[in-house]
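The values are calculated or read from the model by the stated rules, or taken from the named source; none is laboratory data. The model shown is predicted, which means the values in this text are computed figures rather than measured ones. Cβ coordinates were reconstructed from backbone atoms using ideal geometry, including for glycine residues, and neighbour counts include every protein chain displayed. All accessible areas refer to the heavy atoms of the entire protein, side chains included, with ligands and DNA or RNA removed. Shrake-Rupley method; radii C 1.70, N 1.55, O 1.52, S 1.80 Å.
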Amino acid sequence: MVARVVPVDPFDLVVFGATGDLARRKLIPALYHRMRDGQAPESARIVGAARSEMDADGFRRMAEEALEEFLPAAERDRASVARFLAMLDYRAVDAMGDGGWDGLSDALSCDAGRPRAFYLSVAPKLFGPIAGRIAAQGLGGDGARIVVEKPLGRDLASARALNAQLAEAFDESRIYRIDHYLGKETVQNLMALRFANALFEPLWNARHVDHVQITVAESVGIEGRGPYYDGVGAMRDMVQNHLLQLLCLTAMEPPARFSADTVRDEKLKVLRALAPLDPREIVRGQYRNGGNATSYIDDAGDPDSRTESYVALKAEVANWRWSGAPFYLRTGKRLRARMSEIAIVFKEAPHSIFPGDEGAERPNMLVIRLQPDEGITLAMTIKDPGPGGMRLTDANLDMTFAQKLGAMTRMPDAYERLVMDVIRGDQTLFMRGDEVEAAWAWIDPAIAAWEAASEKPRPYDIGSSGPEDALMLMHRDHRRWREIKA
Ligand code: NAP
């Protein structure tokens, strides 16, 4: 199956921080693919901006190296790369000073009807100053959009301050807050599954769902991000944004239609319905030595660090639909495998009619896999095949998207979808300011209570599925986590 490509209008995209890691690893390859597939027109201008002095050719060389480093050879043909590089320009601009802004202005089109976007791939402390300067330089006209990515604050107060700074320069309808999880094909498919099929909706509530598990497990540690990560931790880095966004999409009511504000209104209602977190229902962990790998405190460079590299918690969405069906969330580094999924665990059949099956736990489970191998699985119970009597066994109805899309088609990266949505002016898959604030408002008391306590995170072995206490979090409720496996 070949994906349908709808071209966007010619645009100007300024990437602040164009020489940085995110730009090289994700944005440049994403833009290349959109051009190669015929979605981004070759008349679009992509202007890199950073303090480093270089000319457009220097930036093109850097972009070409980024494509070579981050894309497989099969995705790079000489003609497409040359056409893409011709779309690039560069201006040296210091976001904190006056230098370079006139040059940046000269690099942009004078066509007022052309969408213009500023992607801020820079440290968050630069978001406010850059937004202010864009406005002060008169570059943020009606069609202009600004794109920012986590961390969007480190608590409610700083998130509010950031929202206020952005709002001084850009209307909310032109602010795009990326959570790249929302750009994943499976996450959008969760909405299609729920709202384009009549099958699941009658079952999508606490009467039929026992609980939901959301897991984002990583096998890597914090290498290279040590000092930054140590000031943040898993709760701020992962739960406040990615895991809560996944919870919202799973728990929200059907919006009246698929549009930015109707979807985001429903997600906001979920965040506001979250019961306050019970500190006894949160487990924090830190990975310790194992094999050749170093411990968290070695990676962080602080033997007294109390920052969590793992967190598991039980969340309650206190509304009619979900009351009584908890959402268990867990995320961590240096775990057994890289695996992200949402598992909807349904209630068991009320009564078994099959001899020998009493007491066997056979809940149906709908698993939405984000990585690896994006796809959806429905765990069912069937008869064990053969003439050996009426014995039951588990079987999966499995749909990996790679199969559906066909071996020839590549699964697009989340940034490809999201950057094109910015150009189209579609905010549906981006977080609104009030959502970000509501998420912090829920997380903040749990972080404050933890910081005031003198406890240390629970140690867990590298390559394990997390601390023992996280298993107990489920066992206490007579439930268990799904296995973490690739
Ligand atoms: P990075 O590698 O440190 O790059 C920062 C970029 O900002 C560089 O191009 C740097 O270039 C530029 N810069 C710094 N100060 C500047 C100034 N005063 N004026 C103009 N440009 C300036 O950071 P990154 O990893 O790409 O991350 C960028 C943002 O994305 C951060 O907010 C990060 O939290 C977020 N993020 C990153 C990732 C990722 O995978 N890397 C994932 C999610 C979110 P010069 O030194 O030449 O100015």
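Residue pairs whose Cβ atoms lie under 8 Å apart, separated by 6 or more positions or on different chains, with the first residue in region 86-111 and free of Cβ contacts under 8 Å to residues at least 24 places away in the same chain and the second open to solvent by less than 20 Å² (accessible area, probe 1.4 Å) and within 15 Å of the ligand (Cβ to nearest atom), are Gly99/Val93; Gly103/Val93. If you scan region 105-131, which residues turn out to be open to solvent by 20 Å² or more (accessible area, probe 1.4 Å), in a helix (DSSP H, G or I) and more than 13 Å from the ligand (Cβ to nearest atom)? Ser105, Asp106, listed by residue number.
Go through region 141-154 and report how many residues are under 22 Å from Pro10 (Cα atoms) and either away from the ligand (no atom under 16 Å from the Cβ) or among the acidic types (Asp, Glu) (or both).
Count: 5.
Within region 134-143, is there a residue that is surrounded by 13 or more Cβ atoms within 10 Å (Cβ to Cβ), in a helix (DSSP H, G or I) and in the same structural domain as Gly113 (by TED's automatic domain parsing)? Looking through region 134-143, at least one residue is surrounded by 13 or more Cβ atoms within 10 Å (Cβ to Cβ), in a helix (DSSP H, G or I) and in the same structural domain as Gly113 (by TED's automatic domain parsing).
Residues that are surrounded by 17 or more Cβ atoms within 10 Å (Cβ to Cβ) and of a type in the set (S, T, N, Q) within region 279-293 comprise just one, Gln286.
Within region 38-57, restricting attention to residues that are closer than 26 Å to Gly141 by Cα and within 14 Å of the ligand (Cβ to nearest atom), the residue that is surrounded by the fewest Cβ atoms within 10 Å (Cβ to Cβ) is Arg51. When Gly138 is tested against (1) modelled with pLDDT under 95; (2) more than 14 Å from the ligand (Cβ to nearest atom); (3) on the phi < 0 side of the Ramachandran plot, exactly one condition is not met: (3). For region 472-486, a residue qualifies if it is over 16 Å from Phe327 (Cβ atoms) and acidic (Asp, Glu), and exactly one does: Glu483.
Which residues, counting only those in region 1-37, are part of a loop (DSSP other than H, G, I, E, B), more than 21 Å from Leu108 (Cα to Cα) and within 6 Å of the ligand (Cβ to nearest atom)?
Answer for region 1-37, where residues must be part of a loop (DSSP other than H, G, I, E, B), more than 21 Å from Leu108 (Cα to Cα) and within 6 Å of the ligand (Cβ to nearest atom): just Gly20.
Could we say that Arg4 is outside the structural domain of Ile130 (by TED's automatic domain parsing) and of a type outside the set (A, V, I, L, M, F, W, C) here? So Arg4 fits the description; yes. Residues that are of a type in the set (D, E, K, R) and part of a helix (DSSP H, G or I) within region 461-482 comprise Glu468, Asp469, listed in sequence order. With respect to (1) at pLDDT 95 or above; (2) aliphatic (A, V, I, L, M); (3) open to solvent by 10 Å² or more (accessible area, probe 1.4 Å), the lone exception for Met35 is condition (3).
Could you list all residues from region 153-178 that are under 20 Å from Met238 (Cα atoms) and assigned to a loop (DSSP other than H, G, I, E, B)? The answer is Gly153, Arg154, Asp155. Confirm whether Leu71 is more than 10 Å from the ligand (Cβ to nearest atom) and either open to solvent by 60 Å² or more (accessible area, probe 1.4 Å) or more than 14 Å from His33 (Cβ to Cβ) (or both). Here the answer is no, as Leu71 does not meet what is asked.
Which one is farthest from the chain's Cα centre (by Cα) among residues in region 178-208 that are basic (Lys, Arg) and within 25 Å of Ala318 (Cα to Cα)? Can you show your working first?
Quick first cut of region 178-208, residues basic (Lys, Arg) only: 184, 194, 207.
Those still in the list that are within 25 Å of Ala318 (Cα to Cα) too: 194, 207.
Details: Arg194: 19, Arg207: 29 Å.
Going through the qualifying residues, I end up with Arg207.
If you go through region 326-363, how many residues are at pLDDT 95 or above and farther than 28 Å from Gly183 by Cβ?
Keep residues of region 326-363 that are at pLDDT 95 or above, which gives 326-347.
Cutting the leftovers down to farther than 28 Å from Gly183 by Cβ gives us 346-347.
Residues in region 326-363 being at pLDDT 95 or above and farther than 28 Å from Gly183 by Cβ: 2 in total.
Going residue by residue through region 418-438, is there one that turns out to be touching a His at 6+ places or on another chain (Cβ under 8 Å), touching a residue at least 12 places away in the same chain (Cβ under 8 Å) and part of a helix (DSSP H, G or I)? Scanning region 418-438, I find at least one residue that is touching a His at 6+ places or on another chain (Cβ under 8 Å), touching a residue at least 12 places away in the same chain (Cβ under 8 Å) and part of a helix (DSSP H, G or I), so the answer is yes. Among the residues making up region 80-104, those that are within 16 Å of the ligand (Cβ to nearest atom), under 31 Å from the mean Cα position of the chain (by Cα) and part of a loop (DSSP other than H, G, I, E, B) are Val93, Asp94, Ala95, Met96.
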